[in-house]
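Below is one structure, written out as C-alpha coordinates; comments come after it.
The values are calculated or read from the model by the stated rules, or taken from the named source; none is laboratory data. Worth saying up front: this structure is predicted, and the values here are computed from it rather than measured. Positions of Cβ are backbone-derived with ideal geometry, glycine not excepted, and every protein chain shown enters the neighbour counts.
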Amino acid sequence: MTQDQLAQFKQVLLDEKARVEAERAAYTGPDRDQSEEDEAGELSHSDMNDPADEATNLMDRERNYAAEDNMGRILGKIERALQKIDEGTYGLSDIDRTPIPIARLKALPYAATTVEQEEDTLAG
(Lines give C-alpha, C1' and ligand atoms only; values in the text may rest on other atoms or scores of the structure.)
Protein backbone atom coordinates (compact mmCIF):
# COMPACT_ATOMS: atom_id res chain seq x y z
CA MET A 1 0.00 0.00 0.00
CA THR A 2 1.35 3.40 -0.94
CA GLN A 3 1.70 6.31 1.48
CA ASP A 4 -0.95 8.21 -0.51
CA GLN A 5 -3.40 5.32 -0.16
CA LEU A 6 -2.62 5.09 3.53
CA ALA A 7 -3.24 8.83 3.99
CA GLN A 8 -6.53 8.53 2.11
CA PHE A 9 -7.67 5.61 4.28
CA LYS A 10 -6.69 7.51 7.41
CA GLN A 11 -8.81 10.49 6.33
CA VAL A 12 -11.76 8.23 5.50
CA LEU A 13 -11.47 6.62 8.93
CA LEU A 14 -11.26 9.98 10.70
CA ASP A 15 -14.30 11.24 8.78
CA GLU A 16 -16.26 8.07 9.60
CA LYS A 17 -15.23 8.32 13.25
CA ALA A 18 -16.55 11.90 13.43
CA ARG A 19 -19.80 10.89 11.72
CA VAL A 20 -20.41 7.93 14.04
CA GLU A 21 -19.52 9.98 17.14
CA ALA A 22 -21.99 12.67 16.11
CA GLU A 23 -24.71 10.12 15.48
CA ARG A 24 -23.96 8.37 18.76
CA ALA A 25 -24.17 11.68 20.62
CA ALA A 26 -27.78 11.98 19.46
CA TYR A 27 -28.52 8.70 21.24
CA THR A 28 -26.56 9.44 24.41
CA GLY A 29 -27.02 13.17 24.89
CA PRO A 30 -29.19 14.99 27.42
CA ASP A 31 -31.99 15.31 24.86
CA ARG A 32 -32.51 11.54 24.94
CA ASP A 33 -32.69 11.47 28.72
CA GLN A 34 -35.18 14.35 28.74
CA SER A 35 -37.24 12.69 26.02
CA GLU A 36 -37.45 9.46 28.00
CA GLU A 37 -38.46 11.39 31.13
CA ASP A 38 -41.14 13.21 29.13
CA GLU A 39 -42.48 9.93 27.76
CA ALA A 40 -42.59 8.39 31.22
CA GLY A 41 -44.30 11.47 32.63
CA GLU A 42 -46.88 11.53 29.88
CA LEU A 43 -47.71 7.91 30.45
CA SER A 44 -47.88 8.18 34.23
CA HIS A 45 -50.12 11.25 34.08
CA SER A 46 -52.59 9.91 31.59
CA ASP A 47 -55.88 8.58 32.83
CA MET A 48 -55.33 5.30 31.08
CA ASN A 49 -51.91 4.00 30.19
CA ASP A 50 -52.31 2.53 26.77
CA PRO A 51 -50.34 -0.75 26.67
CA ALA A 52 -49.66 -0.23 22.96
CA ASP A 53 -48.10 3.18 23.65
CA GLU A 54 -46.01 1.76 26.46
CA ALA A 55 -44.86 -1.11 24.26
CA THR A 56 -43.97 1.27 21.43
CA ASN A 57 -41.95 3.50 23.77
CA LEU A 58 -40.14 0.50 25.23
CA MET A 59 -39.37 -0.86 21.77
CA ASP A 60 -38.04 2.54 20.65
CA ARG A 61 -35.75 2.77 23.69
CA GLU A 62 -34.44 -0.75 23.18
CA ARG A 63 -33.77 -0.04 19.50
CA ASN A 64 -31.90 3.14 20.46
CA TYR A 65 -29.79 1.28 23.01
CA ALA A 66 -28.95 -1.38 20.42
CA ALA A 67 -27.98 1.28 17.86
CA GLU A 68 -25.83 3.03 20.45
CA ASP A 69 -24.12 -0.25 21.31
CA ASN A 70 -23.48 -0.99 17.63
CA MET A 71 -21.99 2.47 17.12
CA GLY A 72 -19.68 1.82 20.06
CA ARG A 73 -18.45 -1.38 18.43
CA ILE A 74 -17.88 0.43 15.12
CA LEU A 75 -15.94 3.18 16.90
CA GLY A 76 -13.77 0.51 18.49
CA LYS A 77 -13.03 -0.98 15.07
CA ILE A 78 -12.23 2.46 13.66
CA GLU A 79 -9.88 3.16 16.58
CA ARG A 80 -8.19 -0.18 15.97
CA ALA A 81 -7.72 0.64 12.26
CA LEU A 82 -6.22 4.03 13.13
CA GLN A 83 -3.91 2.32 15.61
CA LYS A 84 -2.83 -0.13 12.90
CA ILE A 85 -2.00 2.81 10.61
CA ASP A 86 0.25 4.21 13.34
CA GLU A 87 1.83 0.78 13.89
CA GLY A 88 2.40 0.23 10.18
CA THR A 89 0.14 -2.85 10.06
CA TYR A 90 -2.95 -1.36 8.41
CA GLY A 91 -4.19 -3.54 5.57
CA LEU A 92 -2.94 -6.74 7.22
CA SER A 93 -5.27 -9.25 8.83
CA ASP A 94 -5.38 -9.34 12.61
CA ILE A 95 -5.51 -13.13 12.39
CA ASP A 96 -2.41 -13.99 10.37
CA ARG A 97 -1.19 -10.71 8.80
CA THR A 98 -2.51 -11.76 5.38
CA PRO A 99 -2.93 -8.67 3.19
CA ILE A 100 -6.52 -7.43 3.10
CA PRO A 101 -7.48 -6.57 -0.49
CA ILE A 102 -7.72 -2.84 -1.22
CA ALA A 103 -11.26 -3.37 -2.58
CA ARG A 104 -12.33 -4.69 0.85
CA LEU A 105 -10.70 -1.77 2.64
CA LYS A 106 -12.45 0.66 0.29
CA ALA A 107 -15.78 -0.99 1.11
CA LEU A 108 -15.05 -1.33 4.84
CA PRO A 109 -12.02 0.77 5.83
CA TYR A 110 -11.94 -0.65 9.35
CA ALA A 111 -11.89 -4.27 8.17
CA ALA A 112 -9.48 -6.29 10.31
CA THR A 113 -9.67 -9.55 8.34
CA THR A 114 -10.12 -10.80 4.82
CA VAL A 115 -13.60 -11.73 3.60
CA GLU A 116 -12.72 -15.42 3.79
CA GLN A 117 -11.52 -15.11 7.38
CA GLU A 118 -14.67 -13.20 8.33
CA GLU A 119 -16.83 -15.91 6.76
CA ASP A 120 -14.88 -18.60 8.63
CA THR A 121 -15.37 -16.69 11.88
CA LEU A 122 -19.11 -16.32 11.29
CA ALA A 123 -19.47 -19.97 10.30
CA GLY A 124 -18.17 -20.91 13.69
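A few comments on the model shown:
- Meets criteria (in a helix (DSSP H, G or I), of a type in the set (A, V, I, L, M) and surrounded by 14 or more Cβ atoms within 10 Å (Cβ to Cβ)) for A55: no
- Taking every residue in region 45-73 that is of a type in the set (S, T, N, Q) and pairing it with any residue that is at pLDDT below 80 and surrounded by 12 or more Cβ atoms within 10 Å (Cβ to Cβ), at least 6 positions away or on another chain, the pairs with Cβ-Cβ distances below 6 Å are N49/L43; N57/E39; N64/Y27.
- Filter result (free of Cβ contacts under 8 Å to residues at least 24 places away in the same chain and either in contact with a strand residue (DSSP E or B) (Cβ under 6 Å, 6 or more places away or on another chain) or surrounded by 14 or more Cβ atoms within 10 Å (Cβ to Cβ) (or both)) within region 112-124: T113, T114, V115, E118
- The residue that is surrounded by the fewest Cβ atoms within 10 Å (Cβ to Cβ), counting only those in region 74-111 that are touching a residue at least 60 places away in the same chain (Cβ under 8 Å) and not hydrophobic (A, V, I, L, M, F, W, C), is E79.
- Of the set (1) acidic (D, E); (2) under 27 Å from A18 (Cβ atoms); (3) outside any helix (DSSP H, G or I), all apply to D96 but (2).
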